[in-house]
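Here the structure is laid out as structure tokens; the discussion comes afterwards.
The values are calculated or read from the model by the stated rules, or taken from the named source; none is laboratory data. All values reported here derive from a predicted model rather than from experimental measurement. Heads up, the Cβs are rebuilt from the backbone with ideal geometry, glycines too, and the neighbour counts pull from every protein chain shown. What goes into the accessible areas is simple: the full protein's heavy atoms, side chains included, and nothing from ligands, DNA or RNA. Shrake-Rupley method; radii C 1.70, N 1.55, O 1.52, S 1.80 Å.
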Amino acid sequence: MDQGQVFKDTIKQSLAPVLILLDDPTVSEILINGPHDIFVERKGKMEKTTCQFPDEDSLRAAITSIAQSVGRRIHADEPRLDARLPDGSRIAVVIPPCARNGTTVSIRKFTKSKITLAEYIKTGAINEDGARFLDICMFLGKNIIVSGGTGSGKTTLLSLLSSRIPKGQRLIVIEDSSELQVEYEHVVFFETQMANENGKGEVSIRDLVKSSLRLRPDRIIVGEVRSSEALELINAMNTGHKGCLGTVHANSPEDAIVRLEALAQGGDAKISEKALVSQVQSAIDLIVQISRYSDGSRRVAAISEVSGFNEDGSYNVVPIFQLGRLVRKADGSLQGQLEPSGQLPSFMQEIEDNNLPFSRTKFQQVAER
Ligand SMILES: Nc1ncnc2c1ncn2[C@@H]1O[C@H](COP(=O)(O)OP(=O)(O)OP(=O)(O)O)[C@@H](O)[C@H]1O
Ligand SMILES: [Mg+2]
């Protein structure tokens, strides 16, 4: 039997009480808070289920065998686990006593269908103009950071953006655990490696960004920028690698750029703050803010351009498109549109020089309806 099948059988046996949820295509995430308390996320909304494990011991045994099947361990000295299952799903576990409800697990299911730009517009996450503007930015090789909270749809949007890269380039994709779905002719995927039992062999995102720079990338895509690799990514963006992409955990475009600066600061004690701030500013072209709303929807909340500094020295982050007022409909869903802020992007001339179909008028504010 091949190794993949052995993994699959282990998962099926171990997770038998939640198998029905694993097999249900409408469930995107399974959240186990101890043996008797199991929730799922469906269409962006949380629901409690009736599924249960018999007791804490059987839940713990299930997790132990899953950890073993992916070559990892979870026990008192290592009470946390983050791993990827053979089908691409992500599992995160914390065991007692840290987890006071009992063994606590999240399984983020791998979504098999790759979403297209047209489908993304259909979900209401973005409108036609916003999507076409992002498409043009991808074509022009702008460096773009997707910013958002946990589960806000950053990875989904990053996959989508990467599918719009013009042909003929070489992409290097770097992730903690492989998640991004990048269908492209010339693409290299790198994944980090944890230290082994002797504390050796760790390979970080930062290490991989450094290596990737010597492997002739046109564009570097970092799944999630969360540490000092921000510095290498910023350097790459400033040294001729146009069109790099990444995501960052932040609640607004302004916070995102400050966070990138703080992360990069951790990467090199020798660089002066002034130099770093100026590098960050010139590296990042656009920040796309994505948020999750109370009706379960995920929407692009803003597409902002980083252009220079304000008088007080802070980054000048200019919204080009912003989500307008959201109004709740009778069925509880929210309705609202991405609207132009009235501000032209600084690269309007470049759009026109390339004969890209996006007229200046699209950036003009619509009169209040
Ligand atoms: N536009 C959308 N409409 C509906 N569901 C979406 C949309 N975008 C993303 N999702 C769903 O939301 C969930 C979270 O998406 P995703 O993994 O992209 O978020 P994330 O911000 O990268 O999460 P994390 O913080 O864990 O990295 C997934 O199940 C995904 O399928
Ligand atoms: Mg993600």
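Candidates are the residues of the range 165-180 that are assigned to a loop (DSSP other than H, G, I, E, B) and away from ligand 1 (no atom under 16 Å from the Cβ); the one that is farthest from VAL146 (Cα to Cα) is GLY168. Candidates ILE126, ILE165: the one that is touching a strand residue (DSSP E or B) at 6+ places or on another chain (Cβ under 6 Å), surrounded by 15 or more Cβ atoms within 10 Å (Cβ to Cβ) and in contact (Cβ under 8 Å) with a residue 24 or more places away in the chain is ILE126. Filtering the range 176-192 down to residues that are out of contact with any Lys or Arg (no Cβ under 7 Å at 6 or more places or on another chain) and modelled with pLDDT of 95 or more, which residue is surrounded by the most Cβ atoms within 10 Å (Cβ to Cβ)? By that ranking, first place goes to PHE190.
Within the range 206-239, being in contact (Cβ under 8 Å) with a residue 12 or more places away in the chain, charged (D, E, K, R) and not in a helix (DSSP H, G or I) holds for ARG216, ASP218, ARG219, GLU224, ARG226. Does GLU183 satisfy the condition of being within 16 Å of ligand 1 (Cβ to nearest atom), in contact (Cβ under 8 Å) with a residue 12 or more places away in the chain and assigned to a loop (DSSP other than H, G, I, E, B)? Judged against the criteria, GLU183 is not a match. Please determine whether any residue of the range 152-164 is in contact with a Gly (Cβ under 6 Å, 6 or more places away or on another chain) and either over 16 Å from VAL209 (Cβ atoms) or at pLDDT 95 or above (or both). Taking every residue of the range 152-164 in turn, at least one turns out to be in contact with a Gly (Cβ under 6 Å, 6 or more places away or on another chain) and either over 16 Å from VAL209 (Cβ atoms) or at pLDDT 95 or above (or both).
State the number of residues belonging to the range 107-152 that are within 16 Å of ligand 2 (Cβ to nearest atom) and either closer than 18 Å to LEU344 by Cα or hydrophobic (A, V, I, L, M, F, W, C) (or both). The total comes to 7. Kindly evaluate ARG259 against the criterion of being more than 25 Å from ALA131 (Cα to Cα), open to solvent by 30 Å² or more (accessible area, probe 1.4 Å) and within 16 Å of ligand 1 (Cβ to nearest atom). Spelling it out, ARG259 is indeed more than 25 Å from ALA131 (Cα to Cα), open to solvent by 30 Å² or more (accessible area, probe 1.4 Å) and within 16 Å of ligand 1 (Cβ to nearest atom). THR150: part of a helix (DSSP H, G or I) and either assigned by TED's automatic domain parsing to the domain that holds SER252 or away from ligand 1 (no atom under 13 Å from the Cβ) (or both), yes or no? It is false that THR150 is part of a helix (DSSP H, G or I) and either assigned by TED's automatic domain parsing to the domain that holds SER252 or away from ligand 1 (no atom under 13 Å from the Cβ) (or both). Taken together, ASP268, ASP285 contain a single residue that is crowded, with 17+ Cβ neighbours inside 10 Å and either in contact (Cβ under 8 Å) with a residue 24 or more places away in the chain or of a type in the set (Gly, Ala, Ser) (or both), which is ASP285. One residue is enough: does the range 87-104 have a residue meeting the conditions more than 30 Å from CYS244 (Cβ to Cβ), more than 16 Å from ligand 2 (Cβ to nearest atom), hydrophobic (A, V, I, L, M, F, W, C) and open to solvent by 40 Å² or more (accessible area, probe 1.4 Å)? Checked the range 87-104: at least one residue is more than 30 Å from CYS244 (Cβ to Cβ), more than 16 Å from ligand 2 (Cβ to nearest atom), hydrophobic (A, V, I, L, M, F, W, C) and open to solvent by 40 Å² or more (accessible area, probe 1.4 Å).
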